[in-house]
Amino acid sequence: MNQNLIPAAEAIYKLIQELNKLPGIGPKSAQRLTYYLLRAPEEQAKLLAEAILSVKQKTRLCSTCFNITEADPCLICRSDHRDRSKICIVEQPQDILALEHTRIYHGLYHVLHGAISPTEGVGADDIRIKELMNRLQGSSVEEVILATNPNLEGEQTAMYLNKLISPLGIRVTRLARGLPFGTELEYADDVTLTRAIEGRQEF
Ligand SMILES: [Zn+2]
């Protein structure tokens, strides 16, 4: 953005620039949000700023499933209402939100924090696979659902995990193919995602 073209206060440029760094926020949206916040009550701006800081300061990873949480273990790992015989493997914490939204799955989760991608230099040791295998050893888990993204990296990761987990005598399933290839789980709609969970297949 060429600052010389927009006659505005330094503070305004700064906020536009920061918002522009966010995913899905182009320069136009960043400008619109900045001027919206400028007109909004100070209290609203303060709440937003505090909310942003507290996601950084008050959250950590669950030491069991690696979901983002305020308390360790997280609410899902601690709950008495979850089916402990199933673990659903996802790439990112926001995938849990998408799956929980369908209300059809009541098992546990494990967040890998990435996917195997040789082209980007991400190997099996760079994501939470070792922690998953430790968790599965000697556990009462009967089924592992591979819910990695339906794209190249997600498929590679699912294949790799299947090879590791199958020998443990645990049933390994993969989300049904209703999900369009190349997409990411967090953007799938509820209906598609529900079908994908219900129609999961033996890997
Ligand atoms: Zn957890």
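Rule-based calculations on the coordinates, nothing more; no lab input. Treat the numbers as computed from the prediction; the structure is a model and nothing was measured. Note that each Cβ is placed from the backbone with ideal geometry, even for glycine, and that neighbours are counted across all protein chains shown.
Per residue, the convex hull around the alpha carbon atoms of region 6-81 comes to 136 Å³.
Take the Cβ atoms of Arg84 and Lys56, set R0 to 30 Å, and the FRET efficiency comes out at 0.45. Lysine pair count for the chain (Cα-Cα distance under 21 Å; residues 8 or more apart in sequence or on different chains): 10.
Modelled spin-label separation between Glu18 and His101, with each label point placed 7 Å from Cα along the Cα-to-Cβ direction: 2.7 nm. Over the chain, Cα pairs under 8 Å with separation of 6+ residues give a relative contact order of 15 percent.
For region 1-129, give the share of DSSP beta bridges that are antiparallel, in percent and rounded to the nearest 5; count only bridges with both residues there. Antiparallel: roughly 40 percent of the beta bridges in region 1-129. The C-alpha radius of gyration of region 103-203, expressed as a fraction of 2.2 N^0.38 Å, stands at 1.05. Relative to the compact-globule estimate of 2.2 N^0.38 Å, the Cα radius of gyration of the chain comes out at 1.24.
With the highest mean first, a sort of the peptides 154-164, 134-144 on other beta-carbon atoms found within 10 angstrom per residue produces 154-164, 134-144. Expressed as a fraction of 2.2 N^0.38 Å, the value expected for a compact globular protein of N residues, the C-alpha radius of gyration of region 75-119 is 1.26.
Relative to the current alpha-carbon distance between Met133 and Ser166, full extension at 0.36 nm per residue lengthens the span by 10.7 nm. Could you let me know the centre-to-centre spacing of region 155-171 and region 85-134, using Cα atoms, in angstrom? Between the Cα centre of region 155-171 and that of region 85-134, the gap is 13 Å.
Judged by the ratio a/c of the largest to the smallest principal axis of the C-alpha gyration tensor, region 163-203 counts as prolate, that ratio being 1.5 or greater while a/b is larger than b/c. For region 95-147, the equivalent ellipsoid derived from the Cα gyration tensor has semi-axes of 22, 17, 7 Å, listed largest first.
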